[in-house]
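Quick notes on the structure that follows.
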Number of protein chains: 2
Amino acid sequence: MTALAMNAERLLARLHTLGQIGRDKAGRLVRLAASDADKAGRDQLAAWMAEAGLELAVDAIGNMFGLWREATGPEAAPVLLGSHIDSVIDAGIYDGCYGVLAGLEVIQTLKEAGLRPARPLAVAAFTNEEGVRYAPDMLGSLTFAGGLDLAVALASVGTDGSVLGAELSRIGYAGPHAPGFLRPHAYVELHIEQGPVLEREGWQLGAVENLQGISWQRVTIDGVANHAGTTPMAMRRDAGIAAARAMLFLRGLATASNHPTVATVGSLALEPNAINVIPARATFTVDLRDPDEARLQQAEAAFAAHLAALAAEEGVSISTERLARFQPVLFDAGIVASIEAAAAARGLRCRRITSGAGHDAQMLARICPAAMIFVPSAEGISHNPREHTPPRDLAAGANVLLEVARGLAGC
Amino acid sequence: MTALAMNAERLLARLHTLGQIGRDKAGRLVRLAASDADKAGRDQLAAWMAEAGLELAVDAIGNMFGLWREATGPEAAPVLLGSHIDSVIDAGIYDGCYGVLAGLEVIQTLKEAGLRPARPLAVAAFTNEEGVRYAPDMLGSLTFAGGLDLAVALASVGTDGSVLGAELSRIGYAGPHAPGFLRPHAYVELHIEQGPVLEREGWQLGAVENLQGISWQRVTIDGVANHAGTTPMAMRRDAGIAAARAMLFLRGLATASNHPTVATVGSLALEPNAINVIPARATFTVDLRDPDEARLQQAEAAFAAHLAALAAEEGVSISTERLARFQPVLFDAGIVASIEAAAAARGLRCRRITSGAGHDAQMLARICPAAMIFVPSAEGISHNPREHTPPRDLAAGANVLLEVARGLAGC
């Protein structure tokens, strides 16, 4: 293969341009799915696709595709690169946008170099990945992959009372194509890590081999409220103490093994929440993740057994409610190997890594070989204006995407 | 001494009458200090004092005294019985009112029996014991005992923005007497336990020998917010986990000894409090009580040392703020013994007990021999409409108060 030079400057310039679109009055980046701000971002992306000579196709759930069909017939399965351009509230500029604009840059680079791929290439921007305005998150890619009925997806009601289908029509991105009209040959998503591992351990690149399964629960512990001064320790049924024990059990569960299990209690409330009243009720959430489904189930079972013992020991009653459950995703071993090979060829320090966050790639993995490439996130910060990846790392990631795409498309 | 029969029916009738005064539209008993509801309660109490032939004296902070000065000069130090009639929001009918109305009943009983005490007797109702509307709690008795400057007490601003002095004038209970105009010979306060010990252990009466010291702190733990999915357990600085460890340390501290130390974390908040974000901050309160000052200080020191170790182990920073600190109070051994003797004479099962809650008696103990008598609280419930003590126990407590008062007053 000929060595190709990415136009890293154009990629970075576009990232910063797109990052200025959708700022609110306070200067925060708020490009929620199917909003006016999202329309402005989509319009800019469409203009860049046109500038690169790509054909824009929009499907009925608003997913945008920039198609390059030079050497092949219109029906051939394309190599798809992409991510999303919707954002959280007060977002950074890299999450999602980096993968979309790098995909565009890869195709534009190949095109400008006069190469003729054996397979078509396309870049995708999926609708409502963040899930801030509409539920579920990754709605566009899930619908595209056939995991969610189009009518149900379009009827999704936003946190602001809006209906997704109506909003897509309003902003002009309810397209004519049926979701899934494109059957990808493969999907590769370049993304910032959104975690601290690569930076902390000194890697330039992550070859994402799998994505954690997620188990979300809400736990409610009912004890008995009583006077903090007059109730002897032995006569208490303290819901807060029981919650503290459950929290430490979860931490122990996740750290005791050599496995990458993570467990988090991020949200907790006590009632009546008064300084001199023993808590009658504690409500908290549990976020449990593991790339191995069997191990995730073991962790869930161990926690359930702990809660049963805890209820007896503390004289409290405990109920749980499942909030969300996703099975782990295993990415395509061949693509992962090609990511490692491309990194090695460029002398980049690359490790295999598990994605702790959800991504569009997990939906695409249902219908085609898929994988992801991670670049480091400074201090692991994401969903925050302080989100940052150094330009050198952004260029390195895009160059590896370029090589992997060339291999998959045959050029 | 002649055996005297208390008029238990009149006492119970008055308790229920007073308990209907100060109901809000929802039917809740809300007789906050110096409110219109409090005025109505005070007016009823003043009417009963007049009915009993007592002379009403009100001091400048609104404390009410019903004086019986039959056999002695106006300057002789009286035996003072009493408590308070202000209430919390949605209160029960016993807390405070029982001690005031029983004190009134004791004096009225002695008077109606034609006895002539060697010392005068008086019944007191102290202002703002609950501390719900104005801070601090036990404000009236504290001011009476010289522990709070009158001008400062009158300037106290309520949770509703009102000023105590103005409100006392408005309801007609800013009296002419200087707080402390009366120097009690002794003070005895009859009260419901507000805890479960007497009922749980089958006692009819508690001779309160001391009152716990109270240490209130607010603890703030600062960790680092991070993605719950992408941050390995070993890289976390989880403020919530550190808080859970502190909670369990406190519970261990209180239960490890044979001592009556109690420790409670009643209030806790996590930030940002999101299911998939590691807590950056945990703020919680600590309520630590012990009847022994040295042991209370030991517990405070042990907790401080634990927090220092915890900060290092969890990679978090921890700060504490003292919210309140009261030293334990030792009641008068002679009065406590006379309570036990009176109980024994009536065949009542009586144990010595520590008060876990604060009471006006702890302020009076600064200026005269003082003690308290407890009767059982059903299920330990207090500050709640479900507050209850069976009539038989209420009568037994009042009869013991009668005997103790006779002994102190000499009749």
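Computed from the coordinates by the stated procedures, all read-outs in this text should not be read as laboratory data. As the structure is a prediction and not an experimental result, all values here were calculated from the model. Don't worry about glycine lacking a Cβ; one is built from the backbone with ideal geometry, like all the others, and counts go over all protein chains shown.
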> Taking the axis about which chain A rotates onto chain B, which residue of A lies nearest it as judged by Cβ position, and how many whole Å separate them?
Replying inline: A:Ala244, 2
> Which percent of Cα-Cα pairs in the stretch A:73-118 sits in each 5 Å bin, short to long?
Replying inline: 5, 19, 20, 19, 16, 9, 7, 4, 1
> According to the square roots a ≥ b ≥ c of the eigenvalues of the Cα gyration tensor, what is the shape class of the protein assembly as shown, taking rounded for a/c under 1.5, prolate for a/b larger than b/c otherwise, and oblate for the remainder?
Replying inline: prolate
>> In whole Å, what are the extents of the stretch B:269-374 along the principal axes defined by its C-alpha atoms, from largest to smallest?
In response: 64, 28, 22
>> Quick check on the stretch A:213-326: what are the equivalent-ellipsoid semi-axes from the Cα gyration tensor, as sqrt(5λ), descending, whole Å?
In response: 28, 13, 11
> For B:Glu201 and B:Glu51 in one chain, what is 0.36 nm times their gap in residues minus the Cα-Cα distance, to one decimal in nm?
Replying inline: 50.1 nm
>> Measuring nothing but label to label, 7 Å from Cα along Cα→Cβ, what are B:Ile89's distances to the other copies in nm, shortest first?
In response: 2.7
>> Show me the three semi-axes of the equivalent ellipsoid for the stretch B:107-211, from the C-alpha gyration tensor (sqrt of 5 times each eigenvalue), largest first, rounded to whole Å.
In response: 29, 22, 13
>> Given a 10 angstrom Cα cut-off, can you work out which residue in A:Ile367, A:Ile85, A:Ile61 is the most mobile in a GNM of chain A?
In response: A:Ile367
> In debye to the nearest 20, how big a dipole does the protein assembly as shown give about its Cα centre with +1 on each Lys and Arg Cβ and -1 on each Asp and Glu Cβ?
Replying inline: 360
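Rounded if a/c is under 1.5, else prolate if a/b is larger than b/c, else oblate: which is the stretch B:318-402, with a ≥ b ≥ c the root eigenvalues of its Cα gyration tensor? Show your work: numbers first, answer last.
On the way: a/c = 2.66, a/b = 1.38, b/c = 1.92.
It comes out oblate by the Cα gyration axes.
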>> Label position 7 Å from Cα toward Cβ: report the copy-to-copy distances for A:Asn7 in nm, one decimal, ordered from shortest.
In response: 10.2
> To one decimal in nm, how far is A:Arg200 from the same spot in the other copies, if labels go 7 Å from Cα toward Cβ? Please give the shortest first.
Replying inline: 4.3
>> Can you return the lysines within cross-link range of A:Lys39? Criterion is Cα-Cα under 24 Å, with same-chain partners fewer than 8 residues away left out.
In response: A:Lys25
> Using a simple charge model, +1 on the beta-carbon of Lys and Arg, -1 on the beta-carbon of Asp and Glu, nothing else, what dipole does the stretch B:213-326 show about its Cα centre, in debye to the nearest 20?
Replying inline: 100
> Could you give the nm distance between label points at B:Ala308 and A:Leu330, where each point is 7 Å from its Cα heading toward the beta carbon?
Replying inline: 5.3
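Given charges of +1 on the Cβ of Lys and Arg and -1 on the Cβ of Asp and Glu, with all other atoms neutral, how large is the dipole of chain A about its Cα centre, in debye to the nearest 20?
The calculated dipole for chain A is roughly 280 debye.
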> Regarding chain A, what is the average projected area of its C-alpha convex hull, in nm²?
Replying inline: 21.3
> Using the Cα gyration tensor of the stretch A:1-103, with a ≥ b ≥ c the square roots of its eigenvalues, what is the shape: rounded (a/c below 1.5), prolate (a/b larger than b/c) or oblate (neither)?
Replying inline: oblate
>> Between A:Met235 and A:Arg352, what's the calculated FRET efficiency when r is the beta-carbon distance and R0 is 60 Å? Round to 0.05.
In response: 0.65
